[in-house]
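First up is the structure itself, then whatever we jot down about it.
The values are calculated or read from the model by the stated rules, or taken from the named source; none is laboratory data. Here the structure is a predicted model, which means the values were calculated and not measured. All Cβ positions, even for glycine, are placed from backbone atoms using ideal geometry, and neighbour counts span all protein chains on display. For accessibility, only protein heavy atoms count, side chains too; no ligands or nucleic acids. Shrake-Rupley method; radii C 1.70, N 1.55, O 1.52, S 1.80 Å.
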Amino acid sequence: MRMILTATLAIAPLAIVPLLANDNDSVKRLHEAAVVFSEIMATPDKGIPEDLLSRAHCIVIVPQEKKVAFLVGAKYGKGYVSCRHRGGWSAPGTVIVEGGSFGFQIGGSATDIVMLVMNEGGENKLLESKFTLGADAAIAAGPVGRTAAAETDLQMHAEILSWSRSQGLFAGLSLEGATLRQDENDNAQIYGKELTNREILTTAVRVPKMAAKLIAELDQHPRHEAAVASTGGSQ
């Protein structure tokens, strides 16, 4: 009996370590997402146009998406999505972005990805468990700068706009062909129970402490109506 108890006590820490590591990964990734968004919006001349962000229904932030290539290129990243809910930004759901391209290429890079979901159609796609960018939802590379005056016709009619930042360079990015799916395992780690992105993004789920910094950064950028009211302007 004593031998069984000793063996159990010896194994228990080994079983707990992966769970702690996963939780720490979520904390680190949420912090990185907040930093990525803050840094991008701190440079308005080279960042996401504020008027586009003020009209967006949802935002997806994928810090340090991994891209590896040896004959066949592949992309993989984990990040977070938040949608506007009752005047503010919702608690974040977790997403995985996956995609690939064929061609002769050798090398690798890490890239931050940001997407804005611009209308209800794009938001409905986002609430599905999985969809393909470009096929299921129209996507275009987003414009860079203080305003969206330079939007092309393609950008104006896109459901989703996307950008990338790699080695300090921020630019519009086409993610056509990549897939985006929810990560219910990471949701369970963050919220302590199984939740779908639809449940998180459309109901009053409380923002977990580890995500407070990210949502606080997003809340500094209100929706269009709130921005107009706060400045006393009109459109």
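Details
- Verdict on P49 being more than 19 Å from N197 (Cβ to Cβ), out of contact with any strand residue (DSSP E or B) (no Cβ under 7 Å at 6 or more places or on another chain) and crowded, with 18+ Cβ neighbours inside 10 Å: yes
- Test: residue in the range 113-133 that is β-branched (V, I, T) and modelled with pLDDT under 90: yes
- Just one of the numbered conditions (1) at pLDDT below 95; (2) open to solvent by less than 20 Å² (accessible area, probe 1.4 Å) is not true of R165: (2).
- Residue in the range 17-25 that is under 27 Å from V205 (Cα atoms) and at pLDDT 90 or above present: no
- Looking only at the range 183-208, and only at residues there that are of a type outside the set (D, E), open to solvent by 30 Å² or more (accessible area, probe 1.4 Å) and not in a helix (DSSP H, G or I), the one that is farthest from T43 (Cα to Cα): K193
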